[in-house]
Amino acid sequence: LMVAETLARYGKPPAAETFGVVNRSERILLMIDEAHRTQSSDLGDNLFEAFSNATRIAFTGTPLITEQHGTRRTVKRFGEYIDTYKLMDAVHDHATLQILYEGRTADTALKDKHGFDTKFEDLFKDRTEEELLAIKKKYGASGDILEAEKRIEAIARDLVGHYIDNILPDGFKAQVVCHSKLAAIRYQQFIRSALVERLDLEKRKPTPQLDLIRRIAFLKAVVVVSSDATNELAVITEARKEAKRWNAVENFCKPFDFDDPDKDLTGIAFLIVCDMLLTGFDAPVEQVMYIDKRLREHNLLQAIARVNRVSKGKSRGFIVDYIGLANHLTHALSIYAEEDAQDIQQGLKNLLTEVPILEERYQRLLQHFRSVGVAAIEAFVTGTLAKPEAQVAVVHAAVGAMKDIKRRADFEVYLKAFLQSLNLILPHESGHSFRGPARRFGYLLRMVKERYKDDSLDLADAGAKVKALINEHLIDLGINPKIPPVELLSADFLTSVRKHAGGDPEAKASEMEHALRKHYTVHFDEDPAFYKRLSDKLEKLIQEHKNNWEALADGYEQLRAEALAGRTEAIEGLTREATTFYDYVAQLTFDHGDVPSQDRQRLKELMLRIVEMLQGSIGIIDFWKKPIEVKRLRGNIDTEILLANIPHLTEQHERIAVEIIKLAEKRHEELTT
C-alpha cells in the first residue's frame with residue numbers, strides 16, 4: 001500500500017534500461033526533426049549510443065543556442081549548421097508573413113491611477129508581493145491572477161472588440177492562448193458573453209449594419225485542451241466533448257461560410273488553448289493570436305508562428321499581448337544570439353512601425369500626381385481647397401494626367417500599397433488622419449476607371465476596412481461601387497459622360513474616345529470587318545480634329561450611333577449574316593479587303609453555302625464542347641473552300657477554315673436564331 005501511495009505521489013521512476021550498442025557502422029544516417037525538443041531526451045541519448053558512429057542531421061526552426069543550455073545546445077549535439085533559413089528570409093521570399101504585435105499592457109499601470117483602471121498589468125515581469133496584492137484586489141482574486149474571472153472578463157471584452165473591428169472585416173480567425181485549462185474555460189464563457197453584448201449594441205444603433213450583425217451572430221468560441229487522467233473539472237470535460245462534437249480544429253481551419261446553414265460550424269472564430277496547437281498547427285485562416293500566457297524561448301517563437309501563414313488577402317499576422325510579453329521581448333528571446341534575436345524582432349514588429357511606411361506610401365502617391373503637374377493634389381485629398389470649382393479643376397487635371405496606361409497602372413499599384421498599410425493600422429487612432437485621403441484617392445481611381453473604361457483598375461486586394469471606407473464615400477457621392485462603369489451602348493451613357501465631365505469638353509471627349517475603343521476591342525471578334533472599319537474611322541476623326549474637343553465629341557456621338565445600330569446593310573445577293581463572313585474572309589485574304597471582280601460572285605456563293613452549313617450544324621446542344629463535331633465541320637468548310645477554286649483562298653484554305661470556325665463560335669446566337 002505504501003509503495004502504491006509513493007508511486008501515486010511521485011510518479012513512476014524512469015527506466016534505467018538502454019538500447020546498448022546496436023551498430024557501429026559509419027554508413028548509418030540519423031535524421032532528427034524538431035531537434036530542439038528531442039535532442040536531450042532518453043530516446044535521443046539511447047539512439048546516439050545505439051548508433052554511435054552514425055552521421056546525425058537535425059532539423060529545427062528554433063535551435064537552442066546560448067551557453068545556458070550547456071550540452072543541450074544544438075551545435076554540441078549535431079555540429080555546425082549545414083544551412084540556415086531565418087525568419088526574415090521566409091518573409092522576403094513571401095513564404096511567410098511579417099508579424100505585427102500590439103501590447104495592451106502598461107508597465108506603469110500600478111503607479112498611475114488612470115492607467116491602473118484602464119490598462120492590463122504587465123504580468124510577464126516579476127512582481128513584488130505588494131504589487132501582486134494590488135492587482136489581486138483590483139480583480140477580487142484570491143488565487144492565480146491569470147485565472148481571475150474579472151480580469152479575464154475585461155480582456156475577453158477587449159479582444160472581442162479588437163477582433164470584430166480589426167480581423168473579422170477581412171474574414172480571418174483568432175487563437176486565444178491562456179495560462180491554464182480553467183482560464184481557457186473562463187475565456188470561452190466571457191468571449192461568448194462579449195459577443196452577445198456586441199451583437200446587442202450593433203442592433204440598437206440608429207442605422208444597424210445588417211451584414212455585420214449577421215456575421216457577429218455567426219461567430220463561435222471553442223476550447224481545445226488536453227485531458228487530465230484524474231480529477232478533471234466537469235466544465236473542462238464538457239468543453240472537450242463539445243470541441244469533439246463540433247470537430248473544432250477542422251472547422252476552425254475552414255473559411256467562414258455565412259450562407260450555407262449546413263456549415264454553421266465554420267463560424268468557429270476563436271480557438272482557445274493553453275497546452276495544445278501552439279506548435280505544428282497550420283491554419284492560414286488564423287491571422288491573430290491573443291496571448292495571456294508567459295511564453296519564452298522556442299515556445300514563444302513556435303506559438304506566434306501560427307499567425308504568419310500565407311493566405312489570400314492576408315498581408316500580416318497579428319499578436320495582441322495581454323501579459324506584457326511585448327515589454328520584455330529581448331528577455332523572452334534570450335536563448336538566441338544577438339544576430340538571430342535581431343532577425344526575429346525584424347519579423348515581429350510593433351503595429352505602430354507600420355505608420356512611417358504608411359506615411360511614405362502616402363507621399364509617394366502625392367508625388368505621382370505632382371510629377372505630372374497636379375500641384376494641388378494634397379490640398380484636394382485633405383479637403384483644404386476652399387472652393388468647389390478648385391476641387392473640380394484638380395479632379396479633371398488628375399484624371400486627365402492618367403491618360404497614359406503606365407501612369408494608370410502605377411497609380412493603382414501605389415494606391416493599393418497605401419490602402420494595405422492603412423488597412424493594417426485602422427481603426428487605431430494613428431491612421432485616422434489618412435482616412436480622408438484614402439476616400440479621395442479611391443474616388444479619383446473610380447473617375448479614372450470611368451474616363452478610360454479601364455476594367456483592370458481594381459481595389460479587390462486593398463483590405464475590407466479601407467474598401468468599406470471608400471465605398472461609403474462613393475455612395476455618398478451617388479456612385480454605386482458595385483455597378484461597373486456605364487458602357488458605350490447604355491441608354492444613359494451620354495448623360496453619365498456629361499455628369500462626369502462637369503462642363504469640361506476635353507473630359508467629355510476623352511471619356512467617349514476610351515468608351516469607343518473599349519467597345520471595339522471587346523466586340524471585335526464578333527464582327528472583325530465591321531469593327532475594323534469603325535476603328536479606322538475613329539483614328540481618322542482624331543487626326544482631323546486633334547484638340548478640337550467639341551468637334552471630336554460630335555464625331556464620337558456619330559460613331560456611337562453606328563456601333564449601336566450595328567451592321568444594318570447586306571451586300572447585294574447576300575444575307576446580313578453571310579455579309580459578315582464575306583467581309584471577314586475578304587479582309588483576311590485580299591489587300592484592303594478588296595475582292596477582285598472575277599472572284600466576287602464565287603466568294604458570295606461560297607459564303608452562302610458555308611453559312612447554311614454552319615446553321616445546319618451548330619444548333620445541337622453544346623456543339624462547341626464536342627471537338628469531334630467541330631473538327632468535322634471545319635473539314636467540310638475546308639473542302640468547300642477548295643472546291644470554290646478561288647486562287648487566293650486556295651493558297652491559305654486551312655487558315656481561312658479555322659478563322660471561319662472561330663467567328664461562327666462568336667456568332668453562335670446570331671446564326672441559330
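Any read-out appearing in this document is the output of simple, stated calculations on the displayed coordinates, not a laboratory observation. In this text the structure is predicted, and so the values were computed from the model without any measurement. Don't worry about glycine lacking a Cβ; one is built from the backbone with ideal geometry, like all the others, and counts go over all protein chains shown.
If we sort 264-274, 524-534 on the protection proxy, mean other Cβ atoms within 10 Å, highest first, what's the order?
264-274, 524-534
Please list, in order along the stretch 408-423, the HN-Hα scalar couplings obtained from phi with the Karplus expression 6.51 cos²θ - 1.76 cosθ + 1.60 (θ = phi - 60°), rounded to whole Hz, x for Gly and Pro.
5, 4, 5, 4, 5, 4, 5, 5, 4, 4, 4, 5, 5, 5, 5, 5
Going down the list LYS312/LYS406; LYS537/LYS626; LYS263/LYS449; LYS416/LYS453; LYS173/LYS406; LYS406/LYS532, which pairs span over 31 Å between their C-alpha atoms?
Violating the 31 Å Cα-Cα cut-off are LYS537/LYS626; LYS263/LYS449; LYS173/LYS406.
Check VAL176: other-chain or 5+ apart residues with amide H under 5 Å from its amide H, H built from backbone geometry?
Counting only residues 5 or more places away or on other chains, the set is LEU271, ILE272, VAL273, TYR290.
Can you list residues whose amide H is under 5 Å from LYS349's amide H, if they're 5+ apart or on another chain and H is modeled 1.01 Å from N?
Amide H neighbours of LYS349, under 5 Å, 5+ apart: ILE99, LEU100, TYR101.
Within the set LYS220/LYS293; LYS387/LYS518; LYS244/LYS349, which residue pairs have Cα atoms separated by over 25 Å?
Correct reply: LYS387/LYS518; LYS244/LYS349.
Setting aside same-chain residues fewer than 8 positions from LYS203, which aspartates and glutamates have a Cα under 12 Å from its Cα?
Cα-Cα hits under 12 Å: ASP211.
Kindly rank 421-427, 215-221, 620-626 from highest to lowest mean number of other beta carbons found within 10 Å of each residue.
By packing density, highest mean first, the sequence is 421-427, 215-221, 620-626.
Expected output is a single nm value to one decimal: the length gained when fully extending between ARG602 and ALA386, i.e. 0.36 nm times separation in residues minus the C-alpha distance. What is it?
Extra length available between ARG602 and ALA386 comes to 70.6 nm.
Could you line up ARG309, ARG451 from fewest to most neighbouring Cβ atoms inside 10 Å?
Starting with the residue having the fewest Cβ neighbours, the order is ARG309, ARG451.
Give, in nm to one decimal, the length gained when the segment between LYS241 and SER535 is fully stretched (0.36 nm per residue of separation minus the Cα-Cα distance).
Gain on extension, LYS241 to SER535, equals 98.9 nm.
Can you work out the Karplus-derived ³J(HN,Hα) for every residue in the stretch 365-374? Use 6.51 cos²θ - 1.76 cosθ + 1.60 with θ = phi - 60°, whole Hz, and x for glycine or proline.
Using θ = phi - 60°, the values come out as 4, 4, 5, 4, 7, 4, 5, 10, x, 8 Hz.
State the extension gain, in nm to one decimal, for the chain segment bounded by ASP492 and ALA95, taking 0.36 nm per residue of separation less the distance between their alpha-carbons.
Length gained between ASP492 and ALA95: 138.1 nm.
For the stretch 393-401, what does the Karplus curve 6.51 cos²θ - 1.76 cosθ + 1.60, with θ = phi - 60°, yield as ³J(HN,Hα) per residue in whole Hz, taken in order and with x for Gly and Pro?
4, 5, 4, 5, 5, 5, 5, x, 5
Report D for the stretch 576-672 in µm² per second (integer): Stokes-Einstein, Kirkwood Rh on Cα pairs, 37 °C, 0.692 mPa s.
This corresponds to a translational diffusion coefficient of 243 µm²/s.
What ranking do 601-607, 19-25 get when scored by the average of other Cβ atoms within 10 Å per residue, highest first?
Answer by packing, highest mean first, reads 601-607, 19-25.
At what distance in nm do the modelled label points of SER193 and LYS312 sit from each other, each positioned 7 Å from its Cα along Cα→Cβ?
4.0 nm
Amide H to amide H under 5 Å from ILE32: which residues, 5+ apart in sequence or cross-chain, H placed 1.01 Å off N in plane?
Amide H neighbours of ILE32, under 5 Å, 5+ apart: ILE57, ALA58, PHE59.
Of all the Cα-Cα pairs you can form in the stretch 493-565, what percent are over 14 Å apart?
The proportion of pairs with Cα distances above 14 Å equals 57 percent.
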